[in-house]
Amino acid sequence: MEAVADQLIQAMTHYGAALIEKSRLHAMEQAIFTKMAEPRCHAEINRDFIGKNAELILQKMGLSVPSTVKLGIVDVENGHPLLWTSR
């Protein structure tokens, strides 16, 4: 299963996604959520970022990425609110 995930990550970064190090996960949570949630629950999204590009959001985390980056990805456990939050 890890081989499939590794291939997906490789393909996504090849096509313009920025791979965020796990050590930056807390910064990502602080940037995109106004209220964090327990595992397997919905967190509250920072609505200021709705419709904004990935470069702006990643800058809020202290990362500098090219404007061509369309997506930031990070490897999290399957119960993490990043996977459960849809609104």
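A few points about this structure:
- Any hit, the stretch 6-24, residues being under 12 Å from the mean Cα position of the chain (by Cα), surrounded by 13 or more Cβ atoms within 10 Å (Cβ to Cβ) and among the small types (G, A, S): yes
- The set of residues in the stretch 65-84 that are of a type in the set (S, T, N, Q) and in contact with a Cys (Cβ under 8 Å, 6 or more places away or on another chain) is empty.
- The selection criterion, being under 11 Å from I73 (Cβ atoms) and either surrounded by 10 or more Cβ atoms within 10 Å (Cβ to Cβ) or touching an Asp or Glu at 6+ places or on another chain (Cβ under 8 Å) (or both), holds for M28.
Where a number appears in this text, it was derived from the coordinates with a stated rule and is not lab data. This is a predicted model, so every value here is computed, not measured. Methodologically, a virtual Cβ is constructed for each residue, glycine included, from the backbone with ideal geometry; neighbour enumeration extends over all protein chains shown.
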